[in-house]
Amino acid sequence: MSPARIIFLHGASSSGKSTLARALQARIEAPFWHISIDHLRDSGVLPTDRFRSGEFDWRAARAPFFDGFHRSLAAYAGAGNDLILEHILDTDGWLEQLSRLFAPFDVFFVGLHCPREELIRREAARGDRPAGSAARDFETVHEGKRYDLELQAIDPLADNVEALLAAWRCRSAPSAFDQLL
C-alpha cells in the first residue's frame, strides 16, 4: 500500500483555505477527506460556548487540543486516508511536530497568500473570527516557509484549483514540507 497523501493548505485566517479545500475535494480524482479545526469547532466537538463565556479556560485547553488534533491527522493518514488539510502554523513547535508525524506520508505543502486589506475585509464579513487575527497572521504565517506551490487567494478559484491539481499530479520528492526542518 502506498503512503497516504496529504495536501496541506496553509495560509492566514480568512485567506480562503476552506473555499479552496471544498473546491479541490469536488475535483480531485480520489476520495480525499477535507479536515480542519473549523470542522471540530462547528460540529460541537468542543464546548465552544463555555470557552467563550470563560467557564472553561481555552488557554489551558489549547495545547492538548492541538496536540490531539495533530496526532489524529497522522492516525487518519496512517489508516490509509488521503487528506486535504487546512491549518495555520501559528504556534512554535507545530511545524516540527507535524513534520515528525507526517514523515511517512506524501505531503504536498501549499501556501495560500492573500493581501492584508482583503484578509481584513473577509474577516469582517465573516464575523466569526476575533478582529485582527487575519492581519496578525498576515505578518507571520508564511515567514520561513517553503512551499511546493504558492497560490494567490484573489485569483479565480477555478484557476487556483486547476493550478493546484496540475502541480500536485506532477509533484516530485522530496516535498518542500519534508525540507522545512
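The values are calculated or read from the model by the stated rules, or taken from the named source; none is laboratory data. On a predicted model such as this, the values are computed, not experimentally measured, just so you know. Every residue, glycine among them, receives a Cβ derived from its backbone with ideal geometry; neighbour counts consider all protein chains shown.
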- What residue, of 77, 124, 134, is surrounded by fewer than 16 Cβ atoms within 10 Å (Cβ to Cβ) and either outside any loop (DSSP other than H, G, I, E, B) or not acidic (Asp, Glu) (or both)? 124
- Message: Condition (residue is over 26 Å from residue 135 (Cβ atoms), in contact with a strand residue (DSSP E or B) (Cβ under 8 Å, 6 or more places away or on another chain) and modelled with pLDDT of 95 or more) applied to segment 64-71: is it met by at least one residue?
- Response: no
- Within segment 1-53, residues touching a helix residue (DSSP H, G or I) at 6+ places or on another chain (Cβ under 8 Å) and of a type in the set (Gly, Ala, Ser) come out as 4, 11, 12, 13, 14, 15, 16, 18, 23, 36
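Would a scan of segment 44-51 turn up a residue that is part of a helix (DSSP H, G or I) and of a type outside the set (D, E, K, R)?
Filtering segment 44-51 down to residues part of a helix (DSSP H, G or I) leaves 48-51.
Adding the requirement that they be of a type outside the set (D, E, K, R) leaves 48, 51.
Yes, the conditions are met somewhere in segment 44-51.
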- Note on the structure: Within segment 126-156, residues being closer than 14 Å to residue 17 by Cα and among the polar types (S, T, N, Q) number 1
- If you check 155, 106, which single one turns out to be in contact (Cβ under 8 Å) with a residue 12 or more places away in the chain and either more than 18 Å from residue 9 (Cβ to Cβ) or among the acidic types (Asp, Glu) (or both)? 106
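Out of 106, 178, 159, report the one residue that is within 13 Å of residue 6 (Cα to Cα), more than 15 Å from the chain's Cα centre (by Cα), acidic (Asp, Glu) and surrounded by fewer than 17 Cβ atoms within 10 Å (Cβ to Cβ).
Numbers: 106 fails: surrounded by fewer than 17 Cβ atoms within 10 Å (Cβ to Cβ); 159 fails: within 13 Å of residue 6 (Cα to Cα).
That would be 178, the only listed residue that is within 13 Å of residue 6 (Cα to Cα), more than 15 Å from the chain's Cα centre (by Cα), acidic (Asp, Glu) and surrounded by fewer than 17 Cβ atoms within 10 Å (Cβ to Cβ).
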